[in-house]
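The structure under discussion appears below in the form of structure tokens.
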Amino acid sequence: MGDRRTAAAVLCVCAAVFFPALFSCSDSEPRLSSASGFVVFDYEADGVLPVMKLAAFAETDSDVRRVDKVVVSSRQNQYEWTADEPLVFSSEGRQWAGCADFVCPGAEPIPRGFYDLYYTDGAESTVQGMFVVSYPDGLAALPASRLGEQEALSRERFAVFDEERKLLYFGSRQQAWKDDADVFVSFERAAFFRRCLGTEDGSVLCLLPPVFREQDGGGVEE
């Protein structure tokens, strides 16, 4: 269940939580209030090193439903990615378009440094933004079991999903949760959850392997 839809749901919520709020207004021409990116370390299963991804989003002042594509390019090595069907979402009056799973060829690491983002709408008008990517050395070589040792990953969230992979909850650990089984007590419809560790500035997000509800209700399995 560590598939693209699950990860995308988490990343969209993270974007809404971590990216700074900016003033917005309405306009028929494409207008960006910000361009933001962060690196994702997606642990799809225990004992497997993470898939490293780049999530990049444009926060728009114009109607995000008019987006046609989002292009992101690295100034470091001229890699370029295009989201022809970008993810579109909104929260509390803010709106974004982008992609949550850009990857490098040959499983190369995501380049650090400056990126340019190009947002194009249906009228083929394009506006440009810029963001910076950074992440700690050695993180991609760590198993999920050692992420708790990383002081930089000080922000913890839980993403709880039902059987249809719909997000039921995204937030901090609840006081009643002493172990994994307590998550399923709190959310009777929950089928699985993923623990998320990130940096305070939102530049890095680690998605830990999914934890599933056992069919007999006797606990959970990872």
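Computed over protein heavy atoms with a 1.4 angstrom probe, the accessible surface ordering of 114, 161, 170, largest first, is 114, 170, 161.
The order of 53, 166, 69 by accessible area, most exposed first and with a 1.4 Å probe, is 166, 69, 53.
Each label was represented as a point 7 Å from its Cα along the Cα-to-Cβ direction; for residue 123 and residue 63 these points are 1.1 nm apart. As a calculated quantity, the FRET efficiency between residue 75 and residue 107 at R0 = 22 Å, using C-beta atoms, amounts to about 0.55. Annotation: aspartates and glutamates with alpha-carbon distance below 16 angstrom to residue 166 (same-chain offsets under eight excluded): 3, 188.
I need the GluC sites (Glu not before Pro) found in the range 113-180, filtered to DSSP loop residues with at most 16 other beta carbons within 10 Å of theirs. Can you show the working numbers first?
Values: sites: 124, 149, 151, 156, 163, 164; in loops: 124, 151, 163, 164.
Of the GluC sites (Glu not before Pro), the ones in loops of the range 113-180 whose Cβ has at most 16 other Cβ atoms within 10 Å are 124, 151, 163, 164.
The lysines within cross-link reach of residue 53, meaning a Cα-to-Cα straight distance under 20 Å and a gap of 8 or more places when in the same chain, are 69.
Quick one: accessible area per residue over the range 65-174, 1.4 Å probe, rounded to a whole number of Å²?
Details: 6140 Å² over 110 residues.
Dividing the accessible area of the range 65-174 by its residue count gives 56 Å².
Here the simple spin-label model places points 7 Å from the Cα toward Cβ, and for residue 180 and residue 163 these points are separated by 2.0 nm.
The values are calculated or read from the model by the stated rules, or taken from the named source; none is laboratory data. It should be emphasised that the depicted structure is a prediction, and the values quoted were computed from it without experimental measurement. Reconstructed Cβ throughout: ideal geometry from the backbone, glycine too, with neighbour counts over all protein chains shown. Protein only, heavy atoms only, side chains kept; ligands, DNA and RNA dropped before computing areas. Shrake-Rupley method; radii C 1.70, N 1.55, O 1.52, S 1.80 Å.
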